[in-house]
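The values are calculated or read from the model by the stated rules, or taken from the named source; none is laboratory data. Remember, it's a predicted structure, so these values are computed and weren't measured experimentally. Positions of Cβ are generated from backbone atoms using ideal geometry, with glycine treated the same way; all protein chains shown enter the neighbour counts. We work out accessible area using only protein heavy atoms, side chains counted, and drop any ligands, DNA or RNA first. Shrake-Rupley method; radii C 1.70, N 1.55, O 1.52, S 1.80 Å.
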Amino acid sequence: QVQLVESGGGLVQPGGSLRLSCESSGRIIGRYAMGWYRQGPGNRRELVASITNAGGTNYTEPAKGRFTISRDSAKNTVYLQMNSLKAEDTAVYYCNLVGGFQYEWGQGTQVTVSS
């Protein structure tokens, strides 16, 4: 069973930046479409960014222009660079496959945007 471990979250002021990492225990990065999801307080988990096996990227509206998803297949890791953070970005961030089968969710990494 593949395990996904997210890291890099923390407390940041509005306008600040964070870089999240998601390391996979299996060699899935670059083989399948991967996504970053988030779940804010009282909200459902939502997809914010994805990267296809070919390297194409897609972003949902909240992430466009501010977030960048990337990967390092050799390190089995997917990244999410988040800039110009807003209070509404506060959430637990997770990574997982996109489009169908998904692995067991990891613990996620908490991002809190507050002054």
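Among the residues of region 8-35, those identified as of a type outside the set (S, T, N, Q) and part of a strand (DSSP E or B) are GLY10, LEU11, VAL12, LEU18, ARG19, LEU20, CYS22, GLU23, ILE29, TYR32, MET34, GLY35. Take the conditions (1) out of contact with any helix residue (DSSP H, G or I) (no Cβ under 7 Å at 6 or more places or on another chain); (2) assigned to a loop (DSSP other than H, G, I, E, B); LEU47 misses just one of them, which is (2).
For region 73-98, the tally of residues that are basic (Lys, Arg) and not in a loop (DSSP other than H, G, I, E, B) stands at 1. Being closer than 11 Å to ALA49 by Cα, open to solvent by less than 20 Å² (accessible area, probe 1.4 Å) and of a type outside the set (A, V, I, L, M) is the filter here; which residues of region 61-92 pass it? Passing the criteria: only PHE67.
Within region 94-109, the residues that satisfy the criterion of being in contact (Cβ under 8 Å) with a residue 40 or more places away in the chain and open to solvent by 70 Å² or more (accessible area, probe 1.4 Å) are GLY99, GLU104, TRP105, GLN107. Tell me, please, whether a residue that is open to solvent by less than 50 Å² (accessible area, probe 1.4 Å), in contact with a strand residue (DSSP E or B) (Cβ under 6 Å, 6 or more places away or on another chain), among the β-branched types (Val, Ile, Thr) and under 19 Å from SER84 (Cα atoms) can be found in region 11-26. Among the residues of region 11-26, at least one is open to solvent by less than 50 Å² (accessible area, probe 1.4 Å), in contact with a strand residue (DSSP E or B) (Cβ under 6 Å, 6 or more places away or on another chain), among the β-branched types (Val, Ile, Thr) and under 19 Å from SER84 (Cα atoms), which makes the answer yes. Residue count for region 1-46 satisfying the condition of being of a type in the set (Phe, Trp, Tyr) and either free of Cβ contacts under 8 Å to residues at least 40 places away in the same chain or more than 21 Å from TYR59 (Cα to Cα) (or both): 0.
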